[in-house]
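These notes concern the structure reproduced below.
FYI, it's all coordinate maths here, none of it is from the lab. Keep in mind it's a predicted model, so treat the numbers as computed, not measured. In this analysis, Cβ positions are derived from the backbone assuming ideal geometry, glycine residues included, and neighbour counts consider all displayed protein chains.
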Amino acid sequence: MSTRENIGRLLVAGAGALGLTTAFAQPGPNLGVEISAADAAAWDINIQPDGAGLPPGAGKAADGAKIYATKCIACHGADGAGQPNDRLVGGQGTLTQLAQVRTVGSYWPYATTVFDYIRRAMPFQAPESLTNDEVYALTAYLLAKNGIIRERDEMNARTLPKVRMPNRDGFILAYPQRADRSP
């Protein structure tokens, strides 16, 4: 018998065995089962550029500086200068140069996106561990360090969407803005 015939017989035998095993399969782990609205809401932490989805809370740059010194400086360096991870401060005016410096102050188009990213992903070793007040304070700190807001300005769900980022018009939207939701 040739190798080709042996492979054919193995495939037929395998298909038969598969048919037998699926006939006796145990119930699965309930994949595809609908979840409750309350469970879905816990995962819905999306924040839009216009501020839709921002949670209650507030923070100022001075409070953010203290949090930054304990939870962020090891990765982002003193005053957001970078090293070992991304630089967060400076870089304004470099996006038209070959050696761009992409930071919160030079690249990000919306202050609400800064909040959203910090809330979801920082600190790196413990994402989603910061309180809303801590996230507002860190966002205020970074915006103030970049000269976008004053240090005494309070960031909250009402004030944060009003912050105009330097690179706000530097992106082309892939979808049209609805007139009733433009920031």
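For the reader, a short list of remarks on this structure follows.
- Fewest-first ranking of Glu154, Glu128, using other Cβ atoms within 10 Å as the exposure measure: Glu128, Glu154
- Karplus 3J(HN,Hα) series, Hz, for the range 44-53 with 6.51 cos²θ - 1.76 cosθ + 1.60 (x for Gly, Pro): 8, 10, 5, 10, 8, x, 7, x, 4, x
- When the P(r) of the range 91-183 is calculated, the portion above 20 Å amounts to 42% of the C-alpha pairs.
- Sorted peptide list for 38-48, 63-73, 96-106, criterion being average Cβ within 10 angstrom, highest first: 63-73, 96-106, 38-48
- Hz values of 3J(HN,Hα) by residue in the range 153-165 - Karplus curve (6.51, -1.76, 1.60), Gly and Pro given as x: 5, 8, 9, 8, 5, 8, 8, 4, x, 7, 5, 9, 7
- Using C-alpha pairs below 8 Å separated by at least 6 residues, the relative contact order for the range 52-94 is 19 percent.
- Fraction of C-alpha pairs exceeding 20 angstrom in the range 29-103: 62 percent, rounded to a whole number.
- Sites Arg168 and Trp43, calculated FRET efficiency, Cβ-Cβ separation with R0 30 Å, nearest 0.05: 0.55
- Counted by Cβ distance under 14 Å from Pro166, the other residues give a net charge of +3, where Lys and Arg count +1 and Asp and Glu count -1.
- Size of the range 42-162 as Cα extents on the principal axes (Å, biggest first): 41, 30, 28
- The slack in the chain from Asp86 to Ala52, taken as 0.36 nm per residue of separation less the alpha-carbon distance, amounts to 9.5 nm.
- In this calculation the C-beta distance from Gln97 to Ser36 is compared with R0 = 45 Å, giving a FRET efficiency of 0.30.
- Shown here is the pair-distance distribution of the range 122-167: with all Cα-Cα distances grouped in 5 Å bins from zero up to the longest one, the shares run 5, 22, 28, 22, 15, 8, 0 percent.
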